[in-house]
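Asks: Structure in structure tokens, see below.
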Amino acid sequence: MTIQKITPFLWYSTQAEEAAAFYVAIFPDSRITRVTPVPSGGSTKVVEFVLFGQPFIAMSADGSDAFNHSVSLMVNCDDQEELDRYWDALLEGGGSPEACGWLKDRFGVSWQLTPTDQLRMIADPDPEKARRVFDAMLKMVKLDIATLKAAYAG
């Protein structure tokens, strides 16, 4: 097994295994690879899992800080159907939609669901095109790819 140099690590107070199972059911090329109870750790567990081929580690242990917006997981979506599918799935069971394509899942983790082309459009050397896309995004909760592309085209 190859060890990643950098692996996202998520600390849940109690639900790491449930969260990992929720995520792997949503995304392709995803699986739980190992669940390890921590010796002498009471109910503490370490959960290793993969989302879209990217390894993650999660831990259930009391005393974790609440998740916040300072760290989020961004999913680049190729089309509106993909974006809608992940949006609906991640909100299932008590998630909450937020502005500009962000949402919090039922475990409190922040996600950004963005069109694959969004960063390219916002970074366009034509500042007017970039501004139109950014301004359109600011008016949205779930992103609408056709509206963003229309804003980009002018």
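Asks: Would you confirm whether any residue within segment 122-137 is touching a strand residue (DSSP E or B) at 6+ places or on another chain (Cβ under 8 Å), assigned to a helix (DSSP H, G or I) and assigned by TED's automatic domain parsing to the domain that holds residue 152? Spell out how you get there, then give the answer.
Replies: Filtering segment 122-137 for residues touching a strand residue (DSSP E or B) at 6+ places or on another chain (Cβ under 8 Å) gives none.
No, segment 122-137 contains no residue that is touching a strand residue (DSSP E or B) at 6+ places or on another chain (Cβ under 8 Å), assigned to a helix (DSSP H, G or I) and assigned by TED's automatic domain parsing to the domain that holds residue 152.
Asks: In segment 101-115, is there at least one residue being more than 28 Å from residue 17 (Cα to Cα), assigned to a loop (DSSP other than H, G, I, E, B) and not assigned by TED's automatic domain parsing to the domain that holds residue 17? So that I can check it myself, show each step before the final result.
Replies: Residues of segment 101-115 that are more than 28 Å from residue 17 (Cα to Cα), as a first pass: 115.
Subsequent filtering for residues that are assigned to a loop (DSSP other than H, G, I, E, B) retains none.
The answer is no; no qualifying residue exists.
One line per residue, one yes/no per condition, for (1) modelled with pLDDT of 95 or more; (2) out of contact with any helix residue (DSSP H, G or I) (no Cβ under 8 Å at 6 or more places or on another chain); (3) not assigned by TED's automatic domain parsing to the domain that holds residue 141:
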| position | (1), (2), (3) |
| --- | --- |
| 1 | no, yes, yes |
| 12 | no, no, yes |
| 23 | yes, yes, yes |
| 26 | yes, no, yes |
| 35 | yes, no, yes |
| 38 | no, yes, yes |
| 85 | yes, yes, no |
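Asks: Just to confirm my filter: which strands (runs of 3 or more DSSP E) fall fully inside segment 24-67 and include at least 2 residues that are within 14 Å of the chain's Cα centre (by Cα)?
Replies: 45-51, 54-60
Asks: If only one of 138, 148 is farther than 30 Å from residue 58 by Cα, modelled with pLDDT of 95 or more and surrounded by fewer than 13 Cβ atoms within 10 Å (Cβ to Cβ), which one is it?
Replies: Matching residue, one of 138, 148: 138.
The values are calculated or read from the model by the stated rules, or taken from the named source; none is laboratory data. Given the structure is predicted, the values throughout are model-derived calculations rather than measurements. For neighbour counting, all protein chains shown are included, and Cβ atoms are generated from backbone atoms with ideal geometry for every residue, glycine included.
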